[in-house]
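Q: One structure coming up, written as structure tokens, with questions to follow.
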Amino acid sequence: DILISEEMKKNKLATKATLNELFVNHYDNPSILIGILQVVSRNENIYPEGCMMATAALSHKNFEVRECGIRCFENWVSEATLKILKNISTEPQWLQDYLSTVIHNIEEELCHTS
């Protein structure tokens with residue numbers, strides 16, 4: 001996290017591009033994807049690339065990668081993330097339940113529900 005923050009200060013575009021390239025090049029390695037997503041989820045300045053990585057994670061065959069993708073959106077609470085989450089479904093059922101909870105929590109935080 002510290003390294004990414006320092007690199008973002010030096011060159012935001014290059015850092016985001018590098019993270020995105022690492023994500024794409026290691027899409028077959030769940031451990032690396034999870035690590036990248038964890039860093040991305042804690043940094044709102046990696047937009048829109050972070051959002052695209054998290055969205056791509058939602059279609060990964062590994063359920064832990066999908067869970068990390070949802071967690072990214074959970075951390076970013078915004079109208080844009082809510083739109084994305086409302087238009088996906090996932091398996092197994094516990095992950096779909098988690099997704100539904102995240103959607104509900106974001107709606108409450110954005111004052112969409114009473």
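Q: Highest GNM mean-square fluctuation, the chain, Cα pairs closer than 10 Å: which of Ile103, Ile32, Ile88?
A: Judging by the Gaussian network model, the answer is Ile88.
Q: Could you name the aspartates and glutamates in cross-link range of Lys16, using Cα to Cα under 18 Å and dropping any fewer than eight places away on the same chain?
A: Asp1, Glu6, Glu7, Glu44, Glu49
Q: Let me ask another. Given a 1.4 angstrom probe, I'd like the percentage of the accessible area of the chain that is carbon and sulfur, rounded to a whole number.
A: Details: 3530 of 6720 Å².
Roughly 53 percent, rounded to a whole number.
Q: Over all distinct Cα pairs, what is the inverse of the mean 1/r for the chain, reported as the Kirkwood hydrodynamic radius in Å?
A: Over the chain, the inverse of the mean reciprocal pair distance is 14.3 Å.
Q: Quick one: putting +1 on the C-beta of Lys and Arg, -1 on the C-beta of Asp and Glu, what dipole do you get for the chain around its Cα centre, in Debye to the nearest 20? Please report the intermediate quantities before stating the final value.
A: Values: 10 positive and 16 negative charges, 62 e Å.
That gives a dipole near 300 debye.
Q: Taking only Cα atoms, what is the 0 to 90° angle, nearest 10, from helix 63-76's long axis to the longest principal axis of the chain?
A: Here the helix axis deviates by roughly 90 degrees.
Q: State, as an integer percentage, the relative contact order of the chain based on alpha-carbon contacts under 8 Å between residues 6 or more apart.
A: Values: 100 pairs, mean separation 21.7, N = 114.
Result for the chain is 19 percent.
Q: Tell me what the chain gives for mean residue ellipticity at 222 nm when only DSSP H runs of n ≥ 4 count, each as -39,500 (n - 2.57), the sum divided by the residue total, rounded to 500 deg cm²/dmol.
A: On the way: 7 runs with 82 residues, N = 114.
Only helices count here, giving -22000 deg cm²/dmol.
Q: Among Cys72, Ile84, Met53, which residue has its Cα positioned farthest towards the positive end of the charge dipole of region 44-86, with +1 placed on the Cβ of Lys and Arg, -1 on the Cβ of Asp and Glu, and the dipole taken about the Cα centre?
A: Ile84
Q: Need one number: convex hull volume per residue for region 8-56, Cα atoms only, in Å³.
A: Details: hull volume 3.0 nm³, N = 49.
That works out to 62 Å³ per residue.
Q: How would His104, His60 rank on accessible area, largest to smallest, probe 1.4 Å? Before the final figure, lay out each step's value.
A: Numbers: His104 85, His60 15 Å².
My answer, sorted largest first, is His104, His60.
Q: Related question: Could you tell me the accessible area of Asp28 in Å² (1.4 Å probe, neighbours in place), rounded to the nearest ten?
A: 130 Å²
Q: Further question: Using only Cα atoms and rounding to the nearest 10 degrees, what angle (0 to 90) does helix 93-109 make with the longest principal axis of the chain?
A: Once rounded, the angle reads 90 degrees.
The values are calculated or read from the model by the stated rules, or taken from the named source; none is laboratory data. Small disclaimer: the values here were computed from a predicted structure and weren't measured. FYI the Cβ positions are ideal-geometry reconstructions off the backbone, even for glycines, and counts take in every protein chain you see. Quick note on the areas: whole protein, heavy atoms, side chains included, nothing else; ligands and nucleic acids left out. Shrake-Rupley method; radii C 1.70, N 1.55, O 1.52, S 1.80 Å.
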